[in-house]
Protein chains: 2
Amino acid sequence: MVASKRRRVGSSGTGAFTRVRRLPELARYDLQVIHEILDAATHCHIAHIVEGRPVATPTLHWRIDDRVYWHGSVASRMLKATGAGAEVCLTATVFDGWVLARSAFNHTANYRSVMCFGRPEVIADPAGKTRVLRRFADQRFPGRWDRLRPVTRKELGATVVLSLPLGKASAKVRVGPPDDPARDRDWPVWAGVIPLTQRAGPPVADSGLAAGLEPPVLAARARASSR
Amino acid sequence: MVASKRRRVGSSGTGAFTRVRRLPELARYDLQVIHEILDAATHCHIAHIVEGRPVATPTLHWRIDDRVYWHGSVASRMLKATGAGAEVCLTATVFDGWVLARSAFNHTANYRSVMCFGRPEVIADPAGKTRVLRRFADQRFPGRWDRLRPVTRKELGATVVLSLPLGKASAKVRVGPPDDPARDRDWPVWAGVIPLTQRAGPPVADSGLAAGLEPPVLAARARASSR
């Protein structure tokens, strides 16, 4: 996005993803920012190359420690392409608001974004898959996994789980008011920020649900509007 | 995303983007769905290939008739790469809610997503740039352009504006309750949808703003939570 006041976290500051610092070199604070953004984003977009052309596919992701995970059907074209060890870029973005300046040129958005690069690792064994899928469910909705109809071997076999380490991840964060230069600041137009937040509405129960079953609560770390 | 009950609009239904139908063949309804999703999404992700590797970059977009536009700095690495006529994929996604099923396997998300493929066209002349940038500002905040400090020739020169036709666009929409098979429907766990909507909060005025200036109103078509 057009962001003049952008703070780049976890990169060399040159803008070149080939030069982002590796995990051991990241400050604790940088990694914490990357974690928070990945946890807050409801979904991500994965860029991959299919038949020589770039494709950005929306998908659900989750994080465990210093890795980001995603999954899908073994029949998925994207997962077939990336499962074969090809490079991907996973980008998760939280949109925080519109930034209205005195000039069109300085309009922008407040947002938090993480990019992760690499060749995904495939989790092949059923026990490993079950372990990380449980974390996915429980991170969004604490305690949910144990209440669900247990996962079957057939379902695990039909599911591909992939992950990337956060060692080549970087974050970009744009916060705060517009950056109008001094000469524009008296221009008679409203300027400031219109914050946008994502809120959970009242749960809609499926038809035929037995009485007395309570909807799960969205985990605090999964709420995008934490700031 | 894992979506068993997915309605694909504007594609051949095979899942192969190389086979999406072209604009003249799209039903009016299909294009209207594509328009609505692009208008509702606050931002998009553009997949492009940089030095042989896929990259997904978040950016702001807008739509005029049957084209989608985006812009950035002439110094941007992404815009240099895509301005040179390389293929891109622009994907805009609106996240509508969590779909909680009786099994982990059938959990998914409700969402609306548009993918546009092609080689972007660059708008080179300043008058053409001004015309489409005005539409960008006014679509989000009606009447805003005329109140702003006028755009300068230097600013226009520093801005790249790109566009793609929607002829190779397709939409995916997942709506409604979970798709549990009959054998799972009596499992004693809450199932249904937790809707998520994006809302604009109270505007935050920039410091030093003169009294009596009113914040603009976000246009109805730019509200993501229209359904």
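Key figures for this structure:
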quantity: Failed condition for B:VAL99, given (1) in contact with a His (Cβ under 8 Å, 6 or more places away or on another chain); (2) over 30 Å from B:GLU51 (Cα atoms); (3) facing chain A (nearest Cβ under 9 Å); calculated: (3)
quantity: Unique residue being small (Gly, Ala, Ser) and either farther than 27 Å from A:CYS44 by Cα or assigned to a loop (DSSP other than H, G, I, E, B) (or both) when the list is B:ALA86, B:ALA92; calculated: B:ALA86
quantity: Some residue of segment A:200-219 being touching a residue at least 24 places away in the same chain (Cβ under 8 Å), within 11 Å of chain B (Cβ to nearest Cβ) and under 30 Å from B:ASP146 (Cβ atoms); calculated: no
quantity: Enumeration of residues in segment A:148-188 that are under 28 Å from A:ASP39 (Cβ atoms) and free of Cβ contacts under 8 Å to residues at least 24 places away in the same chain; calculated: A:LEU148, A:ARG149, A:PRO150, A:VAL151, A:GLU155
quantity: Residue within segment A:174-185 that is over 24 Å from A:ALA40 (Cα atoms) and of a type in the set (Lys, Arg) present; calculated: yes
quantity: Top-ranked residue in segment B:102-149 [being surrounded by 17 or more Cβ atoms within 10 Å (Cβ to Cβ), part of a strand (DSSP E or B) and of a type in the set (A, V, I, L, M, F, W, C); ranked as farthest from the other protein chains (Cβ to nearest Cβ)]; calculated: B:ILE123
quantity: Selected residue [over 30 Å from B:ARG144 (Cα atoms) and within 11 Å of chain B (Cβ to nearest Cβ)] from A:LYS172, A:LYS154; calculated: A:LYS154
quantity: Residue within segment B:193-205 that is hydrophobic (A, V, I, L, M, F, W, C) and in contact with a helix residue (DSSP H, G or I) (Cβ under 9 Å, 6 or more places away or on another chain) present; calculated: no
quantity: Count of segment A:175-199 residues which are more than 8 Å from chain B (Cβ to nearest Cβ) and under 14 Å from A:GLY97 (Cβ atoms); calculated: 2
quantity: Within segment B:30-76, considering residues that are free of Cβ contacts under 8 Å to residues at least 12 places away in the same chain and of a type in the set (D, E, K, R), the one nearest to the other protein chains (Cβ to nearest Cβ); calculated: B:ARG53
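A short reminder: the numbers here are calculations on the coordinates, not readings from a lab. These figures come from a predicted structure and were not determined experimentally. Counting neighbours? That spans all protein chains shown, and the Cβs are built from the backbone with ideal geometry, glycine included.
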